[in-house]
Amino acid sequence: MLLPILFYLFIVVGTINLLHFAFYLIGANIYDLQQFRNIKQRKQRLVSKPLVSVLIPAYNEERVIERNLQSVWNNTYDSLEAIVINDGSTDNTSEAVRRFIKSRSRSYRETRARIVRSKNGLKRVWNRGNVPMQRRVKLVEQKNAGKAAALNNGIRNHAKGELIMTLDADSLIHKRAIYNAVKYFEDPSIAGVAANVRMIEEPSILGLLQRFEHLISYRSKKLFSIANCELIVGGVASTYRKSILDKVGQYDTDTTTEDIGLSMKIAAAGNKKYRLVYGADVAAMTEPVKGFRPLLRQRYRWKLGNLQNAYKYRSLIFSMDKRYTRTLTHYRMPMSFIGEILLLMEPITLAYIIYLSIHFLTIGLILGAYMTITAYILMNIWPDEHMSRRGKIKSSVYAPFLYFIFYIMNVVQLIAALRCIGNAKRIANLTAQESTWTHVERAGKAATFS
């Protein structure tokens, strides 16, 4: 009796996973074709240049905050302000920000205009790299109240921009990230843009694991974008219309992932009217977790926050409300829970595959799974927009080994899911104290986009 049940379970889980792989690949390719078709339009100048307020909540970030601010300063988009909200740090975060502000103020004073002759006549250029006078960096200090409270303070009391970009202090953005993000908002239906977040390279098994995990998972967001069912927008370089944030009441503080909570709250306001999209060309980088235990803590927090928000907005599941797309209500929201059930079934299906391989003295099933995953990884590497050819070749060398390395993340995710089951009350009983700071060890090393 048990073996037939396991057989049908294996068929169901395998079919769902294969369909997801196919949907992700097809969706990503359609997205890429649309981007290629619109490349001329994307290269056109902006119709307007709205002020962008880059909000950087910080708690004990002295090692990385200047690197973060430098990446914002280096952006090609001129009309911006960077606002660091120091949430009661006990280190020298404020001093590091003031040092950065002072050094940039000095460069302003030392800047001199000069006239050069070009083919089009005379033009004025600036020494020290065209320093735009619109830019400013502001430091806001508050008592420790949590990341969501810091962001809300920045939005409500200090940001003057029409668009709001949020940026974790340990992350950095590509020099064209802000410009590319602004382009999306020329479509009035766009409420928010999720960035393409990469991992800063770390020479370790966990570093490699997280780098490829982000590469693959963010490529799958292309499907969610074209199907208009994007639901999860992370906190790194996400950009929103300030008017939308004001409409929904900014960030909530009752879940462990305030960024997921905000994007779900916007989707719940009606994702047909307020579209959330993925910007593959809005590139950002962030630091990976260095140890196994910190990775366990991080993924438990992410999974708990995801489940908290999915439960909070459970009314969207199979909703027939005309404000929502069916891809959101009949696919993406239900998968928030179905995906966790499939995760819990994975050890059973894996054990069944091993049993079949031993029973029939064949490695065909395991070899087939290995080849499928390896091919899928390669199909995610080579179309990548931000990886050089050399980087793609290097990544392709890693691909044959990633099938086994990914089992580490499977174990981490399974432990996180079991912990969530053990703390089920925290999923349903939300409190205003959930949104607090959690830190990974900061390396603070230099990083560049390939």
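Of note:
- In terms of the mean number of neighbouring beta-carbon atoms within 10 Å, the peptides 155-166, 330-341 order highest first as 155-166, 330-341.
- With Rh defined as the Kirkwood radius, the inverse of the mean 1/r over Cα pairs, the Rg/Rh of segment 322-409 is 1.10.
- Extension gain, Ala269 to Val47, is 77.2 nm, computed as 0.36 nm per intervening residue step minus the present C-alpha separation.
- Computing FRET efficiency as 1/(1 + (r/R0)^6) for Leu19 and Thr90, where r is the C-beta to C-beta distance and R0 is 51 Å, gives about 0.55.
- Partner aspartates and glutamates whose Cα lies under 20 Å from the Cα of Lys392, excluding those fewer than 8 positions away in the same chain, are identified as Asp32, Glu201, Glu202, Glu213, Asp281, Asp384.
- Relative packing of peptides 50-61, 358-369 - highest average C-beta neighbours within 10 Å first: 50-61, 358-369
- A Förster radius of 30 Å combined with the Cβ-Cβ distance from Asn38 to Ser396 puts the calculated FRET efficiency at roughly 0.55.
- Segment Lys138-Glu346, length gained on full extension (0.36 nm per residue, minus Cα span): 70.0 nm
- Theoretical ellipticity at 222 nm over the chain - DSSP helices of four or more residues, -39500 (n - 2.57) apiece, nearest 500: -17500 deg cm²/dmol
- Accessible area per residue, Å², segment 278-325 with all protein chains present, probe 1.4 Å: 42
- FRET efficiency, Phe337 to Ala369 (Cβ-Cβ, R0 25 Å, nearest 0.05): 0.50
- Using a cutoff of 8 angstrom between alpha carbon atoms and counting only pairs six or more residues apart, the relative contact order for the chain works out to 19 percent.
- Alpha-carbon gyration tensor eigenvalues x 5, square-rooted, for segment 224-332, Å: 24, 17, 14
- Across the alpha-carbon atoms of segment 296-344, the computed radius of gyration and Dmax are 12.1, 39 angstrom.
- Candidate cross-link partners of Lys102 among the lysines, defined by an alpha-carbon separation under 17 Å and a same-chain spacing of 8 or more, comprise Lys138.
- Protein heavy-atom surface of segment 184-259, 1.4 angstrom probe: 56% of the accessible area is carbon and sulfur, with nucleic acids and ligands not counted.
- Extension gain, Arg98 back to Ser315 (0.36 nm per residue minus Cα-Cα distance, nm): 73.5 nm
- Once the gyration tensor of the Cα atoms in segment 208-281 is diagonalised, the equivalent ellipsoid follows with semi-axes of 22, 16, 10 Å, ordered largest first.
- Proximal lysines relative to Lys303, as straight alpha-carbon distance under 26 Å, when same-chain residues fewer than 8 apart are discounted: Lys147, Lys221, Lys222, Lys265, Lys290, Lys312, Lys425
- Under the convention that each Lys and Arg Cβ holds +1 and each Asp and Glu Cβ holds -1, the size of the dipole of the chain around its Cα centre is about 2080 debye.
- Taking the empirical scaling 2.2 N^0.38 Å for compact globular proteins as reference, the chain has a Cα radius of gyration ratio of 1.03.
The values are calculated or read from the model by the stated rules, or taken from the named source; none is laboratory data. Quick caveat, the model's predicted, so the values are computed rather than measured. With ideal geometry, Cβ positions are generated from the backbone for all residues, glycine too; neighbour counts draw on all protein chains shown. To get the accessible areas, we keep the full protein, side chains included, count just its heavy atoms, and leave off ligands, DNA and RNA. Shrake-Rupley method; radii C 1.70, N 1.55, O 1.52, S 1.80 Å.
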